[in-house]
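A short write-up of the structure that comes next.
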Protein chains: 2
Amino acid sequence: MPETKPGTTLDLTLDAPELTARLVDIPSVSGTEKPLADAVEEALRALPHLTVERYGNNVVARTDLGRAERIILAGHIDTVPIADNVPSRLDENGILWGCGTTDMKSGVAVQLRIAVTVPAPNRDLTFVFYDNEEVAADLNGLGHVAAARPDLLEADFAVLLEPSDAQVEGGCQGTLRIHLRTEGERAHSARSWMGSNAIHAAAPILARLAAYEPRRPVIDGLEYREGLNAVAIEGGVANNVIPDACTVVVNYRYAPDRSEAEAVAHVREVFADCGIREFVVDDHSGAALPGLSHPAAAAFMAAVGGTAQPKFGWTDVSRFGALGVPAVNYGPGDALLAHKRDEHVAVERITHCENRLREWLTS
Amino acid sequence: MPETKPGTTLDLTLDAPELTARLVDIPSVSGTEKPLADAVEEALRALPHLTVERYGNNVVARTDLGRAERIILAGHIDTVPIADNVPSRLDENGILWGCGTTDMKSGVAVQLRIAVTVPAPNRDLTFVFYDNEEVAADLNGLGHVAAARPDLLEADFAVLLEPSDAQVEGGCQGTLRIHLRTEGERAHSARSWMGSNAIHAAAPILARLAAYEPRRPVIDGLEYREGLNAVAIEGGVANNVIPDACTVVVNYRYAPDRSEAEAVAHVREVFADCGIREFVVDDHSGAALPGLSHPAAAAFMAAVGGTAQPKFGWTDVSRFGALGVPAVNYGPGDALLAHKRDEHVAVERITHCENRLREWLTS
């Protein structure tokens with residue numbers, strides 16, 4: 001018998017559900033993706049129609065057929081920590097259980113199956129497998145590739161195979177977190193006129209938030225829903241002290257017709273005359289356009305069927321948006337099962353997604 | 001030489017500044033007042049014109065001359081923790097330094113000097129020496145005496161010898177702390193319309209506070225100044241969650257023409273239509289009338305001179321107010337020096353207060 005390295009090779013002739021199970025059985029909790037990245041790289045390098053590049057534990061494989069359009073199929077190879085749910089288990093109802101079955105090794109299996117079964121796609125393809133999606137944003141492999149090798153991510157349209165229950169979710173809303181600080185002057189609360197109350201000074205901020213009417217813009221036929229909300233408020237020194245500081249933490253979720261700069265400007269304008277002493281952008285991730293009006297996207301929608309839904313939450317499609325690449329989420333898993341101990345996926349959904357994508361890329 | 005018990009006897013023939021020094025040198029941090037209470041009791045029992053009662057570490061001594069009026073002279077015998085400022089030290093400028101010099105062993109010395117030097121006062125006198133004023137309200141010795149032996153505190157007028165820089169401070173304002181809670185429903189902040197924001201729901205509360213115009217009622221010629229202030233605000237679950245709860249902690253400082261029930265009713269009325277889910281009285285200490293229109297008080301003012309000031313902060317005079325006894329603060333120390341490492345008092349102020357009180361009680 002030839003020597004094998006169990007646990008570190010991938011057989012791309014397995015069908016997508018079997019391949020999903022194999023991927024689940026190679027643990028790849030964020031930060032420990034190397035064995036799986038090695039296996040993905042090795043398997044793809046065996047395919048003569050692909051050019052493979054490795055950047056850290058990120059693997060990018062491309063066709064170069066001179067097609068009029070280029071499509072990215074992207075997925076992260078890491079998972080949240082294992083919770084007694086590895087190895088995978090296929091039950092009698094066609095449900096595959098295990099860590100990452102939904103989020104998102106079933107999507108990665110679909111990527112790999114398209115890579116191996118569609119050597120001459122009607123559009124050039126770029127497959128992106130990246131690490132550290134489940135942890136802090138600055139570790140995100142897609143972000144690292146975008147920063148170091150943006151050329152690898154040039155494309156007309158991107159599909160991120162994050163769990164969307166095989167429905168198309170277009171683009172994503174941006175999320176901006178801002179600290180609004182008011183100022184006062186301390187005094188004993190028995191002599192409050194000697195000071196100035198910073199919590200009272202926050203009254204116009206809360207009034208503005210309570211009266212705010214969020215937009216619901218329609219973009220590429222998708223109705224987005226914005227929101228401007230206080231997610232925290234904090235003020236107070238002691239029970240007998242007039243407080244000299246109060247902070248309202250505001251989260252603005254905004255539709256992808258606004259740029260990051262426009263989003264900040266909008267929040268500034270909303271609170272322009274509220275006597276705010278400090279306006280601090282604490283965190284900001286831009287929105288991504290769904291790009292459904294692009295011809296490649298129209299063909300994609302025709303192939304996968306269903307009605308596209310707007311994506312309200314922020315996802316890595318935004319990283320494509322920042323590169324000018326319209327992007328959607330489309331993957332076999334159910335997002336509501338992600339990160340759960342009983343994470344699972346219906347194998348029928350995996351095959352369904354694989355077939356739909358193949359139809360789009362070969363018809 | 002006869003055996004002595006150093007540190008546990010008081011010589012009431014010392015003058016008031018010397019007696020203050022002696023009192024400082026018998027440590028009596030809250031909870032450890034027994035040796036000093038013993039010394040006070042022993043010294044007072046030696047005076048034939050006084051009837052002495054002991055309740056815990058509280059000592060009450062009374063004349064019983066059948067006078068038309070009865071006056072209380074009260075002071076606490078405990079101090080905050082010693083901070084390298086015991087024993088006392090008298091400097092060349094007539095300043096006595098040490099823990100309790102201001103708050104309020106100089107006042108206690110004046111009480112003791114009046115007790116020993118005025119055997120036949122023009123008004124019956126009740127001297128109250130009590131423990132645990134510097135700690136939690138439920139430990140307060142004056143409160144314990146008021147609850148267990150209210151008969152000992154019957155009087156027409158009370159002088160609390162707390163530091164007031166030898167100025168009369170009349171009555172005290174009440175202080176009421178209330179938690180106002182709003183309620184909402186959690187949701188992911190990317191889908192805020194699925195929830196309801198409890199911080200936004202607090203907007204009417206802050207608006208009401210910001211617009212509130214506090215009263216400045218004149219009582220017995222003293223202008224009090226009320227205040228209604230947020231002293232804390234807290235809300236928020238996580239940066240991406242619509243918060244389902246927010247609490248505004250409000251402190252109402254109110255003039256002594258309002259009862260405790262009226263104060264609570266007023267705050268309820270102020271926030272009546274603000275959508276408050278919970279209204280919780282967290283702490284409440286009533287106000288005390290200055291009683292300066294009482295004949296005994298008028299004579300007191302004439303004797304001590306100066307212009308009475310309203311007392312904005314809450315003090316133990318309120319405990320007399322609750323018993324129906326008008327009360328003022330009048331003591332030799334400077335309240336701003338209380339609880340400080342460099343606590344000190346001018347001996348001239350001690351003698352000044354002693355002389356003024358003696359004049360009032362003997363003329």
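The values are calculated or read from the model by the stated rules, or taken from the named source; none is laboratory data. Note that the coordinates shown come from a computational prediction; the quantities given were computed from them, not determined experimentally. Glycine also receives a Cβ, built like all others from the backbone with ideal geometry; neighbour counts cover every protein chain displayed. Just so you know, the surface numbers come from the protein's heavy atoms only, side chains and all, with ligands and any DNA or RNA stripped out. Shrake-Rupley method; radii C 1.70, N 1.55, O 1.52, S 1.80 Å.
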Practice problem: Read through the list (1) within 14 Å of chain B (Cβ to nearest Cβ); (2) in contact with a His (Cβ under 7 Å, 6 or more places away or on another chain), then give the number of the only condition that residue A:337 fails. | Solution: (1)
Quiz item: Is it the case that residue B:43 is open to solvent by 40 Å² or more (accessible area, probe 1.4 Å) and within 27 Å of residue B:359 (Cα to Cα)?
Solution: no
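Table: residues versus (1) hydroxyl-bearing (Ser, Thr, Tyr); (2) in contact with a helix residue (DSSP H, G or I) (Cβ under 9 Å, 6 or more places away or on another chain); (3) farther than 29 Å from residue B:98 by Cα.
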position	(1), (2), (3)
B:300	no, yes, yes
B:305	no, yes, no
B:315	yes, no, no
B:327	no, yes, no
B:338	no, yes, no
B:358	no, yes, no
B:363	yes, yes, yes
Quiz item: Listed residues A:272, A:210, A:255; which is more than 8 Å from chain B (Cβ to nearest Cβ), open to solvent by 50 Å² or more (accessible area, probe 1.4 Å) and more than 30 Å from residue B:312 (Cα to Cα)?
Solution: A:272
Self-check item: Scope segment A:184-206; condition open to solvent by less than 50 Å² (accessible area, probe 1.4 Å), at the interface with chain B (Cβ under 7 Å from one of its Cβ atoms) and in a helix (DSSP H, G or I); matching residues
Solution: A:189, A:190, A:192, A:200, A:202, A:203, A:206
Exercise. Kindly provide the set of residues from segment B:20-46 that are closer than 22 Å to residue B:142 by Cβ and either part of a loop (DSSP other than H, G, I, E, B) or not assigned by TED's automatic domain parsing to the domain that holds residue B:136 (or both), ordered by number.
Key: B:26, B:27, B:28, B:30, B:31, B:32, B:33
Exercise. Can you tell me which residue within segment B:217-274, out of those that are hydroxyl-bearing (Ser, Thr, Tyr) and in a loop (DSSP other than H, G, I, E, B), is farthest from residue B:298 (Cα to Cα)?
Key: B:259
Exercise. Output the number of residues of segment B:319-353 satisfying the condition of being open to solvent by less than 10 Å² (accessible area, probe 1.4 Å) and either assigned to a helix (DSSP H, G or I) or within 17 Å of residue B:77 (Cα to Cα) (or both).
Key: 10
Quiz item: Among the residues of segment B:243-256, is there at least one that is closer than 22 Å to residue B:321 by Cα, in contact with a Gly (Cβ under 6 Å, 6 or more places away or on another chain) and modelled with pLDDT under 95?
Solution: yes
Practice problem: May I ask you to verify whether residue B:65 is under 25 Å from residue B:123 (Cβ atoms), surrounded by 20 or more Cβ atoms within 10 Å (Cβ to Cβ) and touching a residue at least 40 places away in the same chain (Cβ under 8 Å)? | Solution: no
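Matching residues to (1) in a loop (DSSP other than H, G, I, E, B); (2) surrounded by fewer than 16 Cβ atoms within 10 Å (Cβ to Cβ); (3) in contact with a Gly (Cβ under 8 Å, 6 or more places away or on another chain); (4) assigned by TED's automatic domain parsing to the domain that holds residue B:295:
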{"site": "B:60", "(1), (2), (3), (4)": "no, no, no, yes"}
{"site": "B:73", "(1), (2), (3), (4)": "no, no, no, yes"}
{"site": "B:87", "(1), (2), (3), (4)": "yes, yes, yes, yes"}
{"site": "B:110", "(1), (2), (3), (4)": "no, no, yes, yes"}
{"site": "B:135", "(1), (2), (3), (4)": "yes, yes, yes, yes"}
{"site": "B:147", "(1), (2), (3), (4)": "no, yes, no, yes"}
Quiz item: Which of the residues spanning segment B:149-160 are within 26 Å of residue B:218 (Cβ to Cβ) and open to solvent by less than 20 Å² (accessible area, probe 1.4 Å)?
Solution: B:157, B:158, B:159, B:160
Self-check item: Complete set of residues in segment A:308-363 that are under 21 Å from residue A:22 (Cα atoms), in contact with a Phe, Trp or Tyr (Cβ under 8 Å, 6 or more places away or on another chain) and not hydrophobic (A, V, I, L, M, F, W, C)
Solution: A:342, A:343, A:344
Self-check item: Failed criterion for residue A:280 (all others in (1) open to solvent by 20 Å² or more (accessible area, probe 1.4 Å); (2) more than 27 Å from the chain's Cα centre (by Cα); (3) of a type outside the set (D, E, K, R) hold)
Solution: (2)
Quiz prompt | First in segment B:292-317 and touching a residue at least 24 places away in the same chain (Cβ under 8 Å) and away from chain A (no Cβ under 14 Å), second anywhere and open to solvent by 10 Å² or more (accessible area, probe 1.4 Å) and of a type in the set (Lys, Arg), Cβ under 8 Å, 6 or more apart | solution = B:296/B:123; B:303/B:356; B:304/B:356; B:305/B:356
Quiz item: Only one of these conditions is not met by residue B:54: (1) closer than 15 Å to residue B:12 by Cα; (2) outside any loop (DSSP other than H, G, I, E, B); (3) open to solvent by 20 Å² or more (accessible area, probe 1.4 Å); (4) of a type outside the set (S, T, N, Q). Which number is it?
Solution: (1)
Quiz item: Restricting the search to segment A:213-229, which residues are at the interface with another protein chain (Cβ under 8 Å from one of its Cβ atoms) and either out of contact with any strand residue (DSSP E or B) (no Cβ under 6 Å at 6 or more places or on another chain) or β-branched (Val, Ile, Thr) (or both)?
Solution: A:225
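For the subset of segment A:230-252 comprising residues that are open to solvent by 20 Å² or more (accessible area, probe 1.4 Å) and more than 9 Å from chain B (Cβ to nearest Cβ), which member is farthest from residue A:174 (Cα to Cα)?
This residue is A:244.
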